[in-house]
Amino acid sequence: MTGGRPAVSSPHSSLFPLGGTGQGEGGVRRGVATLTPTLSLEGRGRRKRRRLGVLGLLAPAAALLGALFLYPLANMAGLSVRTKFPGAWSYTAEHYAKFAADPYFLRVTQTTFLLAIGVTVLTIVVGYPVAYYFVRSRSRYKHLIFLAVISPLLVSIVVRTIGWTIILGNEGLVNALLRALGVIREPLPLMNNVWAVMVGLVHVLLPFMILSIASVLGKIDPALEESAAILGANAARTFWRVTLPLSIQGIAAGSILVFCLTIGAYITPWWLGRGKVLLFSTTIYDQILVIIDWPFGSAAAMILVAATLAILLLYFALIRRVGRR
Amino acid sequence: MHDHDEKEYLLRGFGGDVTRRAVLKGLVAAGAGVATLTRFAEHLASAQSADVAELTIFAWPGLVPDILKERSVTPFNKAYPKVNVKLDISTNAVMYPKMLAARNNPVISGGMFNDIFVQKGIADGLWVKPNDEYMPNRKSIPAELMPPGGYGVIFQFTPFGIMYNPDRVEKPKSWADLWDPKSKGRVVMWDSYFDAYVAAAVMNGKGPSVEEGIKLWAGHKQNIGAWTTSPTKAEDDVSRGEMWLAPHWGSWAEQARSSGKKVAFTIPKEGAVQWGGHMVTVAGFPAKVTELTQRYLDTWNSEECQLGWVTKGFFGPASRKVKIPAEMLKLEAMMTADDAARKLIRYDVKEVGEKIPKLKALIDQTLKV
Amino acid sequence: MAGGTARRRRAERWLGWYVAGLLFFLALPILVVIPAAFGPDVTLTFPPRGLSLKWFKNVVDHPEFLRAFGVSLAVAVVATLVALVVGTLAAFGLVRHRFPGRQAMELLFVAPLIFPAIVYGVAMLMVLNPLRLTRTTVGLVLAHVVITLPYVLRTVSATLHGVNRQLEESAQILGANRWRTFWHVTFPLIRPGLIAGATFSLIISFDEFTVSLFLTGPGLMTLPLEIYNYTEYTIDPTIAAISTLLIVLSVLVILAIERFLGFEKHFQL
């Protein structure tokens with residue numbers, strides 16, 4: 001009954017490990033002879049009750065998100081095709097056209113997505129070892145490691161920003177150190193640019209990546225790695241051929257999260273980039289709160305969501321491809 | 001904890017000549033929602049004869065609430081003891097969109113806004129005009145200081161000049177000092193307030209034009225080290241030496257200096273631009289509420305309150321009748337209302353208010369790429 | 001084999017150093033700001049030039065911070081509880097059943113993650129205002145539930161997916177009804193997912209800024225917004241003092257969890 005399924009689950013499994021094998025069983029498919037009734041055994045009444053049961057399970061979440069997410073979203077979409085708000089209006093696509101025609105906004109889009117990709121890649125590379133250590137280590141201080149991992153989220157954005165200013169600023173610690181060592185004479189511009197934004201975002205999003213990877217790594221049976229070692233593989237091969245593929249789901253889940261959070265982030269880039277880094281979120285904020293052109297701001301928001309969705313779908317397709325291999 | 005602040009302006013009774021139907025009609029005309037009507041009807045049913053009301057007034061954060069509580073709300077309550085004045089503290093940029101979204105069920109009946117937002121409100125139809133009968137202090141204000149359009153009433157002003165770090169740079173003598181190559185990357189600029197561009201244009205003989213100022217800055221954009229959306233952030237930058245120069249408001253610079261930050265303020269030789277704080281009354285309320293709101297707002301121009309703005313906030317007083325302490329007059333940021341009327345640079349705030357999207361786009365495209 | 005083990009141990013040691021370095025990076029902004037809370041200067045500098053507790057006194061002098069802390073905590077706890085219940089139900093619906101439109105449902109439940117918070121904030125304002133739910137705890141909690149639900153759903157689905165259905169079926173064969181099966185078999189198995197989801201949800205809700213910006217006001221302020229509001233007035237080490245207190249509190253909570261519940265057992269990380 002379970003035969004023929006791919007080793008890595010459906011595209012959406014990166015977010016919802018639904019189909020495919022149970023990774024909780026050490027990634028090895030055990031022949032689970034479930035007693036899931038087949039259609040021929042189920043009575044029609046049972047099937048109907050099951051369907052109602054499903055509805056009941058999903059109803060609260062669906063109702064909540066329908067009313068408090070889809071509806072506001074539709075409201076925004078509606079705003080984006082109005083000529084103006086508030087006041088008398090008519091339907092128009094001028095806001096979308098204005099966005100597409102302006103090289104400035106295209107540049108904003110480019111910077112935003114490049115930044116998101118950069119931050120995602122960095123958090124994967126930097127965070128994976130920490131997740132691995134966190135899961136595999138036999139340290140007695142795991143709870144303190146956890147605390148250190150989530151520490152960026154425990155202080156307010158304001159404090160984090162001032163912290164980075166103290167560290168990266170013209171008068172900051174890094175520059176002071178480099179000047180004292182005689183490496184540089186004029187301070188390096190490390191703040192108010194894309195580097196500060198990158199550092200700031202990686203810093204605040206690493207906890208998400210680390211915990212996403214760690215939760216999947218934690219379910220991988222260490223016996224698998226030991227078997228590989230016994231069979232002659234060295235540490236590198238074990239990691240590359242056994243651990244990494246099994247933790248792909250964690251990396252995928254983490255990277256989707258980090259990518260989307262970077263795209264939507266506005267406080268951190270705003271405070272660390274200080275207006276010198278042109279990002280989508282700042283554009284939307286400007287339009288909605290500073291310029292107060294809500295139709296245009298809504299149009300920009302819709303474009304952002306659409307572009308993000310497109311990239312996510314591409315990513316899902318890629319994961320599916322990789323999984324089939 | 002009940003939502004006390006959602007009660008807005010519940011009145012529990014009027015004078016005897018206002019009928020229930022007339023009030024309800026008035027509410028419908030003001031665009032109130034069904035919920036408001038039912039709530040209102042309930043309370044009208046249990047009306048008492050006394051004049052009781054609650055006003056929600058928007059005010060800026062920082063020193064303002066304390067000054068208001070001491071010198072405005074308390075004296076007002078002596079004349080109107082049963083009116084509860086509730087202060088809603090926020091900034092222009094955050095409060096305006098909220099008010100716009102809430103226009104059919106307005107909560108705030110009056111508040112303080114700067115020049116630009118007053119004009120925005122006029123364009124968006126949010127305000128009602130001030131009534132001289134309820135705002136007698138208006139007469140002591142020089143006409144030149146008043147915001148165009150006839151809806152706002154100025155109650156404080158301050159010159160927009162240059163804030164600098166005295167340990168890092170010499171006192172700037174001209175607006176052109178912001179373009180000094182030695183200060184490359186050390187100037188903090190605004191993209192949501194345009195006074196600095198006006199000053200640059202005036203300095204170059206092009207008149208108070210924001211566009212011209214932006215174009216002039218294009219050749220010197222490498223001096224801009226950071227953009228800011230909050231005065232305190234600019235003050236912090238300059239104080240810690242990250243930035244050295246910032247076009248800034250005299251009052252805020254002086255407030256920072258007196259709190260211990262390492263900043264100083266000066267007005268360059270070409271002059272300073274006028275910034276005004278204005279009071280506006282919000283549309284969509286029954287006449288009685290509007291009257292009480294305006295009577296309350298008028299206290300901001302009373303001598304007592306004006307002195308509060310001066311001594312505690314380093315603001316210039318809008319009222320001619322106020323005498324500024326001699327010690328304070330020595331500061332470049334302080335001047336009398338008549339001096340301000342004469343010396344400060346003014347620009348067409350109505351036009352600028354309408355063109356904000358274009359101006360912001362111009363700044364983004366010219367100075368940020 | 002000896003060479004391999006030695007190499008592995010060396011690799012482990014390098015890994016340990018790397019992790020220590022990275023944890024230092026994560027804690028760095030906090031490490032430089034906290035000392036300023038104990039210094040006399042109004043501008044936050046590192047290292048501080050002297051010793052003074054006046055900023056902590058300032059925190060006490062501003063009762064709005066404690067109130068905002070209470071609000072943030074209450075909202076986080078309530079939103080998390082709601083998200084846990086709603087999310088667990090939905091997880092069961094999505095993991096245990098096949099039906100047309102399931103993938104669309106998955107996407108819907110994950111969607112709040114990709115929607116920019118700033119737009120969601122304005123959108124919620126416009127929707128909640130006519131309902132008179134702005135500046136109310138209910139409105140804020142609802143918005144926070146929407147924001148945290150995807151996280152809870154993800155972690156619970158992940159653990160639920162790994163639950164061996166044979167165990168549940170065995171229990172039922174042995175006579176347990178559906179509720180007892182859930183409570184005694186399934187629930188303990190998905191508990192790590194619930195705890196992980198709850199942790200994410202609590203932290204995210206407590207730290208949430210952008211959406212809360214639009215749904216709060218006088219009478220309802222969260223701590224991040226109260227701190228931000230304060231910096232519109234003055235940027236001084238009072239905020240560093242608040243952060244110090246929060247860090248101390250978090251450390252105490254984590255230590256308490258470790259002592260009384262056992263960290264590894266419940267987080268299974």
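Rule-based calculations on the coordinates, nothing more; no lab input. All figures in this text were calculated on a predicted structure; none of them were measured in a lab. Cβ placement follows ideal geometry from the backbone for every residue including glycine, while neighbour counts extend to all protein chains displayed.
A few points about this structure:
- Mean residue ellipticity (222 nm) of chain B, computed from DSSP H runs ≥ 4 via -39,500 (n - 2.57), nearest 500: -11000 deg cm²/dmol
- The stretch A:267-325 - Debye-derived log10 I(q)/I(0), Cα point model, q = 0.15, 0.19 Å⁻¹: -0.59, -0.74
- Hits among aspartates and glutamates - C-alpha to C-alpha of B:K350 under 16 Å, sequence gap 8 or more where chains match: B:D115, B:D124, B:E144, B:D195, B:E211
- Residues whose placed amide H lies under 5 Å from that of B:I89, excluding near-sequence neighbours: B:A59
- Applying 1/(1 + (r/R0)^6) with r as the Cβ-Cβ distance of B:K368 and A:K84 and R0 = 35 angstrom yields a FRET efficiency of 0.85.
- Residue pairs exceeding 28 angstrom between C-alpha atoms, taken from B:K323/C:K54; B:K182/B:K233; A:K98/B:K184; B:K129/B:K269; B:K98/B:K288; B:K233/B:K368: B:K323/C:K54; A:K98/B:K184; B:K129/B:K269.
- Relative to the current alpha-carbon distance between A:A306 and A:E94, full extension at 0.36 nm per residue lengthens the span by 74.6 nm.
- Computed over chain C, the ratio Rg/Rh where both radii use C-alpha atoms and Rh is Kirkwood: 1.05
- Dipole orientation for the stretch C:112-269: of the candidates C:A241, C:I227, C:L167, C:L167 has the Cα lying most toward the positive pole (charges on Cβ; Lys, Arg +1; Asp, Glu -1).
- Label separation (A:V322 vs A:S137): 2.6 nm, computed from points 7 Å beyond Cα along the C-beta direction.
- The stretch B:260-281 residues near the modelled B:N131 label - backbone nitrogen below 16 Å, point 7 Å along Cα→Cβ: B:280-281
- Against the empirical 2.2 N^0.38 Å (N residues), the protein assembly as shown has a Cα radius of gyration ratio of 1.01.
- Average partner coverage of C:15-21, which counts Cβ from other chains inside 10 Å: 4
- Beta bridges per DSSP, both residues in the protein assembly as shown: antiparallel share near 65 percent.
- In chain C, helices alone account for a calculated mean residue ellipticity at 222 nm of -25000 deg cm²/dmol, with every DSSP H run of four or more residues adding -39,500 (n - 2.57).
- Between B:R168 and B:E351, the simple label model (points 7 Å from Cα in the Cβ direction) yields a spacing of 3.5 nm.
- Dimensions of the stretch C:133-269 based on its C-alpha atoms, expressed as ranges along the principal axes with the largest first, amount to 66, 38, 20 Å.
- Our analysis of the stretch C:1-90 gives Rg over Rh at 1.26, with the two radii drawn from alpha carbon positions and Rh computed by the Kirkwood formula.
- Span from the the stretch A:145-179 Cα centroid across to the the stretch C:147-196 one, whole angstrom: 41 Å
- Peptide B:353-361, shielding by other chains (average Cβ, 10 Å cutoff): 3
- D_trans [Stokes-Einstein, Kirkwood Rh over alpha-carbon pairs] for the stretch A:125-251, 4 °C, 1.567 mPa s, µm² s⁻¹: 75 µm²/s
- Two-site FRET efficiency, A:Y71 against A:W240, from Cβ-Cβ distance with R₀ of 51 Å, rounded to 0.05: 0.60
- Computed about the Cα centre, the dipole magnitude for chain C is approximately 980 debye when only Lys and Arg (+1) and Asp and Glu (-1) carry charge, each at its Cβ.
- Exposure proxy shown here: for C:Y18, C:Y120, B:Y164, A:Y266, the number of other Cβ atoms within 10 Å sets the order, fewest to most, as C:Y18, A:Y266, C:Y120, B:Y164.
- Take each residue in C:209-216, count the other chain C-beta atoms within 10 Å of its C-beta, and the mean is 3.
- Taking label positions 7 Å along the Cα-Cβ direction at both C:L51 and C:L31, the computed distance is 2.2 nm, reported to one decimal.
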